[in-house]
Amino acid sequence: MKRRDFLKGMMTVAALAPVSRLAAAETKSADGKVVRRKYRDTDLTVPLLGFGMMRLPRRAQGGPEIDYDAAAKMFDRAMKAGCNYFDTAYMYHGGLSERCAGDLLSRYPRESYFLTSKMPLGMLRKEEDLERIFNDQLKKCKTPYFDFYMFHNVSENSWKKAVRFKVYDFLSKKKAEGKIRRLGFSFHDTPELLKKVVAAHKWDFAQIQLNYLDWTLYRSKEQYEILTKNNIPVIVMEPLRGGALASLNPEATKILKAADPNASNAAWAFRYVGSLPNVLVVLSGMTKMEHLEDNIKTFSDFRPLTDADRKVLDRALVAYRKSLAVPCTDCRYCMPCPAGVEIPKIFGLYNQYKLSGNRFLFVNNYGAIDEDSRADACVGCGKCLKACPQKIKIPDELKKIGDTYKRMAGRRRAAVDGCCEEFFA
């Protein structure tokens with residue numbers, strides 16, 4: 001992206017998010033609680049910070065099992081802070097996320113929290129699956145209804161399936177029965193398809209990927225504007241782009257720290273999306289208590305971005321884009337890989353290397369992956385290409401990373417054999 005194009009996009013954000021409109025949309029924070037936004041022109045308010053349940057603390061690294069003790073403490077802290085919007089889905093944590101929501105949230109009165117789940121369009125094989133899956137979700141979540149419910153991961157192919165299986169008719173019936181309070185969809189595709197989806201039915205909300213990197217890169221700006229024009233409230237997913245905008249690289253981090261030494265990189269990203277007036281909830285997949293505490297700090301004393309802040313983010317983004325490797329958000333829709341390749345893990349290690357420049361760490365960590373699960377094991381079946389919301393050319397990226405590892409590993413062996421320190425710099 002050219003710098004001129006990015007600046008133009010940032011100027012559009014400024015026009016969309018004046019502070020005066022934000023003030024009217026929020027309920028002021030009190031007693032350390034997160035700020036809230038009104039749902040359309042109603043008295044209903046929801047927390048601007050939502051608890052995403054896709055990246056809960058795990059009992060073992062890489063496994064799907066959730067650490068209930070750690071998760072329960074985080075849920076309790078979130079509820080105390082007024083962060084009472086919880087977003088789960090049928091396949092999160094290998095199918096265990098919804099059960100966790102039911103087990104832990106049922107300790108609270110049902111009317112004290114908002115619960116969201118989704119119909120997994122990719123798992124539908126026939127219309128009868130709708131009733132079975134929906135009833136299973138209610139049972140696992142230990143709830144008589146969902147406050148917000150959506151079509152999961154709408155894309156070109158999944159939308160065709162949704163139309164064929166009459167998913168909207170089925171879910172509208174559940175809404176009429178009181179088992180769904182508000183019906184929407186999560187979206188991973190082009191603005192062109194979004195226009196078709198919006199025009200097809202009456203929607204209560206929509207969930208899109210939005211952050212300051214994707215504003216133009218992923219065409220999130222266009223998606224936001226389409227939904228805003230049609231008076232559809234926006235729920236934001238991937239505000240940190242899978243954690244990438246929380247870490248950044250040293251140069252970009254230095255720019256943000258110089259502007260505000262007390263703010264985390266994540267806080268800047270959250271303030272960016274929260275400054276948009278049509279954003280209802282910003283989801284954060286919080287794994288550690290420290291993540292939750294930092295987010296509560298950001299959203300309990302929420303400060304919309306100023307023009308000066310946007311200029312700071314502009315400089316930081318220019319610095320960050322220089323080191324961006326693979327735009328993977330670790331959503332794991334590509335998993336499990338039929339060939340057993342650890343796709344998100346490999347991309348994560350490679351991005352970490354590109355950000356840090358630490359070749360030694362990359363070779364060590366990549367080498368620790370089982371040989372049958374490395375990039376070389378990719379057979380090019382293409383299943384991941386259809387599943388990836390980011391439209392990453394996964395087989396091509398895997399080959400590049402595999403070749404990079406071989407080259408580096410060869411240099412490392414040569415350095416060790418020759419007692420050379422150069423590789424380890």
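What follows is calculated from the coordinates using simple rules that are stated; it is not laboratory data. All of these numbers come straight from a predicted model, not from anything done at the bench. Heads up, the Cβs are rebuilt from the backbone with ideal geometry, glycines too, and the neighbour counts pull from every protein chain shown.
In table form, for the structure just shown:
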{"read-out": "Computed FRET value (nearest 0.05) for residue 192 with residue 381, which takes r as the C-beta separation and R₀ as 22 Å", "value": "0.20"}
{"read-out": "Kirkwood hydrodynamic radius (C-alpha pairs) into Stokes-Einstein, the chain, 10 °C and 1.306 mPa s, D in µm²/s", "value": "70 µm²/s"}
{"read-out": "Relative contact order computed over the chain (Cα-Cα under 8 Å; 6+ residues apart), in percent", "value": "15 percent"}
{"read-out": "Phi-based couplings in Hz for region 143-150 (Karplus 6.51, -1.76, 1.60; Gly and Pro marked x)", "value": "9, x, 7, 10, 5, 10, 9, 8"}
{"read-out": "Relative packing of 65-73, 220-228, which averages over residues the other C-beta atoms within 10 Å, highest first", "value": "220-228, 65-73"}
{"read-out": "Net charge of Cβ neighbours under 11 Å - reference residue 377; Lys, Arg +1; Asp, Glu -1", "value": "-4"}
{"read-out": "Listed residues 61, 209, 137, most fluctuating in the chain (Gaussian network, C-alpha, under 10 Å)", "value": "61"}
{"read-out": "Residue-count net charge about residue 391 - beta-carbon cut-off 13 Å; Lys, Arg +1, Asp, Glu -1", "value": "-2"}
{"read-out": "Antiparallel bridges, percent of DSSP beta bridges restricted to the chain (to nearest 5)", "value": "15 percent"}
{"read-out": "Between 0 and 90°, nearest 10: helix 3-16 axis offset from the chain longest Cα axis", "value": "20 degrees"}
{"read-out": "Helix-derived mean residue ellipticity, 222 nm - over the chain, DSSP H n ≥ 4, -39500 (n - 2.57), to 500", "value": "-14500 deg cm²/dmol"}
{"read-out": "Angle in degrees between helix 307-321 and the longest Cα principal axis of the chain, rounded to the nearest 10", "value": "40 degrees"}
{"read-out": "Shape metrics for region 159-198, restricted to C-alpha atoms - Rg then Dmax, Å", "value": "11.5, 33"}
{"read-out": "Degrees, to the nearest 10: 191-200 long Cα axis against longest axis of the chain", "value": "20 degrees"}
{"read-out": "For residue 150, residues with placed amide H under 5 Å, excluding near neighbours", "value": "117, 118, 119, 184"}
{"read-out": "Taking 85, 333, 350 and counting other C-beta atoms within 10 Å, the order from fewest to most", "value": "333, 350, 85"}
{"read-out": "Gaussian network model of the chain, Cα within-10 Å springs - most flexible of 50, 95, 274", "value": "95"}
{"read-out": "Label-point gap, in nm, between residue 403 and residue 136 - each point 7 angstrom along Cα→Cβ", "value": "4.2 nm"}
{"read-out": "Taking 42, 88, 298 and counting other C-beta atoms within 10 Å, the order from fewest to most", "value": "42, 298, 88"}
{"read-out": "Proxy reagent accessibility, fewest Cβ within 10 Å first, across 141, 337", "value": "337, 141"}
{"read-out": "Rounded to whole Hz, the Karplus (6.51, -1.76, 1.60) HN-Hα couplings of region 362-374, x for glycine and proline", "value": "4, 4, 5, 5, 5, x, 7, 6, 3, 4, 6, 10, 7"}
